[in-house]
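I have placed the structure first, in the form of structure tokens, so that the comments after it can refer back to it.
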Amino acid sequence: MPIVTIQMLKGRDKEKRKELIKNVTDAVTKTLDVPVDSVRVLLNEIENENFGVAGLPIMEYRAKKAKVG
């Protein structure tokens, strides 16, 4: 039974999460030639304040990138 764990920032709507689960399931069933009922997809949503990039909280990092870019 393949189990796929995806960690991502919180904030995507229900339809996007549903689409992601479907697409990942399709890719796993096709690649591994396993039945769709055997695939499990776990979405772990991380709060923005608990995620950092380049030594900064994600919101500060994005603000910094916006000023540079």
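Remark: C-alpha extents of the chain on the principal axes read 47, 20, 20 Å, sorted largest to smallest.
Share of the chain's accessible area from carbon and sulfur, percent, 1.4 Å? If you can, show how the numbers build up before the last one.
Details: 2970 of 5510 Å².
That fraction is 54 percent.
Estimated from helices alone, the mean residue ellipticity of the chain at 222 nm is -14000 deg cm²/dmol (sum of -39500 (n - 2.57) over DSSP H runs with n ≥ 4, per residue).
Note on ASN48 and ARG62: the extension gain reaches 3.9 nm, defined as 0.36 nm multiplied by sequence separation minus the Cα-Cα distance.
DSSP beta bridges confined to the chain are antiparallel in about 20 percent of cases.
For the chain, the relative contact order is 39 percent, taking Cα pairs closer than 8 Å that sit 6 or more residues apart in sequence and dividing their mean separation by the residue count. Separation of the alpha carbons by more than 29 angstrom is noted, of LYS30/LYS64; LYS10/LYS65; LYS10/LYS64, for LYS30/LYS64.
The values are calculated or read from the model by the stated rules, or taken from the named source; none is laboratory data. Worth saying up front: this structure is predicted, and the values here are computed from it rather than measured. Ligands, DNA and RNA are stripped out before the accessible areas are found, and what is left, the full protein with its side chains, is counted by its heavy atoms. Shrake-Rupley method; radii C 1.70, N 1.55, O 1.52, S 1.80 Å.
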